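The values are calculated or read from the model by the stated rules, or taken from the named source; none is laboratory data. Note that the structure is predicted; figures quoted are calculated from it, not measured. Backbone-built Cβ (ideal geometry, glycine too); neighbour counts: all protein chains shown. In case anyone asks, the SASA skips ligands and DNA or RNA and just uses the protein heavy atoms, side chains included. Shrake-Rupley method; radii C 1.70, N 1.55, O 1.52, S 1.80 Å.
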Amino acid sequence: MTASAPSGTVTFLFTDIEGSTRRWEEEPDAMQVALAAHDDVLRAAIEARGGWLFKNTGDGVCAAFASARAAVDAAIDAQRELELPVRMGIATGEAERRGDDYFGPPLNRAARVRGAGHGGQILAASSTIALVDGFELIDLGPRQLRDLSEPLQIFQVCADGLRRDFPPLKTLDRVPGNLPTQATSFVGRDTEVTAVREALRAHRLVTLVGVGGVGKTRLALQTAAEVLDEYRDGAWLVELAPILDAAELTEGVAAVFSVPPQAGGWRDALIQSLRGRQMLLVLDNCEHVLDEAASLVEGLIAACPGVTILATSREALGVAGESAWPVPSLGLGADSTASTLFIERARDVVPDFDPGKDLEVVAEICRRLDGIPLAIELAAARVRSMSQNQIRDRLDERFRLLTGSRRSMERHQTLRHAVQWSYDLLNDVERRVLQRASVFAGGFAIAAATTVCGDDMDGELDEIEMLDVLDSLVRKSLINVDRTSEELRYSMLETIRQFAEERLAESGEGETVRDRHAVFFAGQAEASFELFRGPRELQAYRFVDDEIANVRAAFRWAVDQGRADPAIRIAACTHAAARFRLRTETFGWAAEVAGMAREVGHRKLPLVLAMAADSAWGLGQLEEAKRFGREAIAAADEDRFESIVWAYADLAQIAVYEGDVEGSLELLRRGAAHPADRRDRLVLACLISMAGFVGHQLPADEIRESLSQITAAGMPTAIAFALVGKAAIVAQDDTTAAIELYHEAIDMLASCGDRLIEQAVRGQLVSLLARSEDPDPALASFVAIVNDWQICGDTLLAASIGHLVVLLARLGEREGAVQLYGAVTRGIELEALVPGLDATISAIREVMGGAAFDSARDAGASLSYQAAGELARGLIQRARDELAGSG
């Protein structure tokens, strides 16, 4: 039988195959067969005794039992049947269940007890033995196990058919060495430990590198404890942090092994002492004595063939044959290792700590602390006197908040000291670049770093020199590299950035650097806008995706400091591309700086006003949009401004939302005839598309000539607009040809990155497909449109939702369709853009009655876009379910 997951006091059985790696290497085919049999035996034994197998580790299992006796019986049953050498560990205690896994001290004990044994052996902790009787036991005494602060009493379970005699247990008190006993549990990172173990088997020197507080030392010690039995002469730790003079490094290492000085010096003496040993040497914190440590390591590797070295450092040693292993931050999320660490450390100070409904707050704390274990542990210690919400809300002051106890103010006991240690090891140029780079938000590229961080440094740093500085900061784990973008980008953990920002403020050059940042990104935004209006439109979207955080920070700084030019250029040149990427950050920026642009007579005034109009009608604020649009059209004809006439398209869209189709078309004709439209032909493209949407017939030769001009201008979105207009016109006579044109437009928009117009066009295509006998594919396609509408609430997608209303009403979802109609038509009319909508709504009103109709419409109008999106998805799913049921 299969048991349910036990809770409360639980007994855990952990198993693994002794020597599984070697077996896989030597006999992979035989091992595959044997492993399958192994899995079957364990599962059968566990389930037969009412246990719950909750994890398979590849070469073992983890099982939970409500009964300690059942766990021991299952272990005996399995050992009698197993052919592979399997070691087993059993421990009992209170554990927390999360999903299909458990967390808590008894799991750590079961794993450590298992690790102390040998293949064919069953070991149980005293916590389990105290709950059972009737078994033959061998008391193996109290043993010091890795990662446990106190010795644990261990018993061997004996039974008929099981081997009784085994080698001594593999515990810390048996193997030579000086690894310290850890006062706290080791949380997660099993994958990292396994990877470092494998690296140690392949390399004589493995260096764990990472930012201060990321857990390099703890990972090194945990790994060393787990490989202890692989080294005849044990594992030895040398802490280098107290060694402040590099010249004393070798003497400090020699002191750990009680090596007396010799005539040849300390290095010769140390090498002579270690030459015949087979051991693991852990060198912790090498970064401040890097050159001397590298030299010593080279000498030891060359002269001591049995010595393997595991080092920790903020940067790699740079020794031939070294495996530099970056230590990552902990995984994030409510059920992550980071959250588990916070909870366990919080329970160390408040034993009954329960995150309860605030588990997401814990996850947010860990995320804002970049998953850095030291920071998380220090934050968790604060639950003694603060709630999770209070901790989270004070993380902007993390260097004051996360200070540890007054008795432990050494280097790694406060967050500030951990970061300061790395900072103090930098040269002057590296420090200034690091602190200046703190003004970046969301990462930066080399050009930005050179311009913003390279000035006034006894002469400007050119790009090559800046690359050298960044390379050094990357090696020292203070800056990260992101290779996922088309261009290599750099970033800092927020903890490092806040520290560097403090140093920037102390330097007195913060305002100058932020000004350079704002001017640089204003220039980048302007250059990107020029790409946006032509064949390289995709590059503008990449700029927005990569740099929106920097652009936002630059805009806000410029506005707050009254820096008119960069603020205006950013607002004018960023919004259109951001909106087409379904981003909402830039809505309202242009309106915010419009007065500033008027006052200074800025050359970008027509564009600023057009973007203010665009932003306003995108939010459904039609009257405000009309005011900005009319002013933009007037300004476009003044010689002192850069002329752009996109506002004609904005006013035309507003006119059709107000039911004025002829007025909309006339505005577009005027805009398309303006000389300024020749640059990108966007207004002409909007004329073709609008004519198609509202069913206005254009002569074939006019469409052909317009498409030729639009294509020559090269802006993909404009070309797609024109294709869509042609498709809408063609659809009246040739549905197949129209569908092909819609697909061509959608492919073009997807390729160039315009998500907003792509979804608007998909709405037109899906409405055409919905006329078929099987509406299910159309319903399925509407889901993606609804999802994007829910993200941004953009009025441009309203017509697509209007088409969905028509389809839902046709399928009998009348009340829901009316609610959705109310949500999407707040302040606008869609009848001109959605064929059949007027007749559909009139028919529903007649069936429902005026009062019920008005109530449903008003209910929809009160919904947020997020709630309306949920309503739409629910209606789609219900309609699809009914179609499936009727089929």
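What does the convex hull of the Cα atoms of the stretch 557-629 come to per residue, in Å³, rounded to a whole number? All intermediate terms of the calculation are to be shown ahead of the outcome.
On the way: hull volume 5.5 nm³, N = 73.
Output value, Cα hull per residue: 76 Å³.
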Practice task
Could you work out how far helix 428-437 tilts from the main Cα principal axis of the chain, as a 0 to 90 degree angle to the nearest 10?
Solution key: 50 degrees
Practice task
Based solely on C-alpha atoms, express the radius of gyration and the Dmax of the stretch 604-749 in angstrom.
Solution key: 15.1, 49
Problem - For the stretch 16-157, Kirkwood radius (reciprocal of mean inverse C-alpha pair distance, Å) - result: 15.5 Å
Completion exercise
Dividing the helical contributions, -39500 (n - 2.57) per DSSP H run of n ≥ 4, by the residues of the chain yields a 222 nm value, nearest 500 deg cm²/dmol, of -18000 deg cm²/dmol
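Over all distinct Cα pairs, what is the inverse of the mean 1/r for the stretch 340-498, reported as the Kirkwood hydrodynamic radius in Å?
Working: mean 1/r = 0.0580 Å⁻¹.
So the Kirkwood estimate lands at 17.2 Å.
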Handout entry: DSSP-assigned coil residues among trypsin sites (Lys or Arg not before Pro) in the stretch 227-293, each with at most 16 further Cβ atoms within 10 Å
Key = 232, 275
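Kindly sort 565, 733, 701 by accessible area of their heavy atoms, largest first, with the probe set to 1.4 Å.
733, 701, 565
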Exercise for the section: First check a/c for the stretch 586-628, with a ≥ b ≥ c the square roots of the eigenvalues of its C-alpha gyration tensor; if it is under 1.5, answer rounded, and if not, answer prolate when a/b is larger than b/c or oblate otherwise. Expected result: prolate
Completion exercise
For residue 772, the accessible surface traced by a 1.4 Å probe with all protein chains present amounts, in square angstrom to the nearest 10, to 50 Å²
Practice task
Would you rank 476, 55 by solvent-accessible area, highest first, keeping every protein chain in place and using a 1.4 Å probe?
Solution key: 55, 476
Handout entry: Calculated Cα extents along the principal axes in Å (choose from (i) 123, 108, 49; (ii) 91, 78, 71; (iii) 95, 76, 54), label
Key = (iii)
Exercise for the section: Output the pairs from 55/476; 604/626; 604/726; 170/216; 170/476 with a Cα-Cα distance over 29 Å in this structure; if there are none, say none. Expected result: 55/476; 604/726; 170/476
Completion exercise
Taking r as the C-beta separation of residue 389 and residue 878 and R0 as 56 Å, the FRET efficiency to the nearest 0.05 is 0.90
Fill in the blank from the handout: In the stretch 655-774 the accessible area split gives carbon plus sulfur, as whole percent at 1.4 Å, a share of 50 percent
Practice task
Return one whole number: the accessible area per residue of the chain in Å², for a 1.4 Å probe.
Solution key: 41 Å²
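Can you tell me the length gained on complete extension of the stretch residue 30 to residue 178, counting 0.36 nm per residue apart and subtracting the Cα distance? Walk me through the numbers before you get to the answer.
Working: separation 148, 0.36 × 148 = 53.28 nm, distance 3.96 nm.
Gain on stretching residue 30 to residue 178: 49.3 nm.
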Fill in the blank from the handout: Of every hundred units of 1.4 Å-probe accessible area on the stretch 439-543, the number belonging to carbon and sulfur atoms, as a percent, is 48 percent
Completion exercise
By the Cα gyration tensor axes a ≥ b ≥ c (a/c under 1.5 gives rounded; else a/b larger than b/c gives prolate, otherwise oblate), the shape of the stretch 679-777 is oblate
Problem - Rounded Å value of the spacing that divides the Cα centres of the stretch 809-887 and the stretch 664-712 - result: 33 Å
Exercise for the section: Return the whole-Å distance between the Cα centroid of the stretch 551-577 and the Cα centroid of the stretch 38-89. Expected result: 64 Å
Practice task
Provide, in order from the shortest bin, the percent of all Cα-Cα pairs of the stretch 144-230 in each 5 Å bin, continuing until the bin that contains the maximum pair distance.
Solution key: 2, 11, 20, 20, 18, 12, 8, 4, 2, 1, 0
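Once you order the gyration tensor axes a ≥ b ≥ c over the Cα atoms, which shape class does the stretch 804-866 get: rounded for a/c under 1.5, otherwise prolate or oblate by comparing a/b with b/c? If you can, show how the numbers build up before the last one.
Numbers: a/c = 1.43, a/b = 1.07, b/c = 1.34.
Taking the square roots of the gyration eigenvalues as a ≥ b ≥ c, the stretch 804-866 is rounded.
Just to be sure I understand: of the beta bridges DSSP finds with both ends in the chain, what percent are antiparallel, rounded to 5?
Values: 33 of 56 bridges.
Of those bridges, close to 60 percent are antiparallel.
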Exercise for the section: Treating cross-link reach as a plain straight distance, find the lysines whose alpha-carbon is under 24 Å from the alpha-carbon of residue 357, omitting any fewer than eight places away in the same chain. Expected result: none
Problem - Alpha carbon Rg of the stretch 755-887, scaled by the compact-globule rule 2.2 N^0.38 Å - result: 0.95
Problem - Cut-off 17 Å (backbone N to label point 7 Å along Cα→Cβ of residue 198), residues of the stretch 45-87 - result: 57-60
Exercise for the section: Using a 1.4 angstrom probe on the protein heavy atoms only, line up 386, 748, 611 by accessible area, largest first. Expected result: 748, 386, 611
Exercise for the section: In nm, give the distance between the simple-model label positions of residue 487 and residue 624, each being 7 Å from the Cα along the Cα-to-Cβ direction. Expected result: 3.3 nm
Practice task
With a 1.4 Å probe and every protein chain kept in, tell me what percent of the accessible surface of the stretch 61-188 is carbon plus sulfur.
Solution key: 46 percent
Handout entry: Paired Rg and Dmax values of the stretch 654-724, which use every Cα atom, in angstrom
Key = 11.4, 33
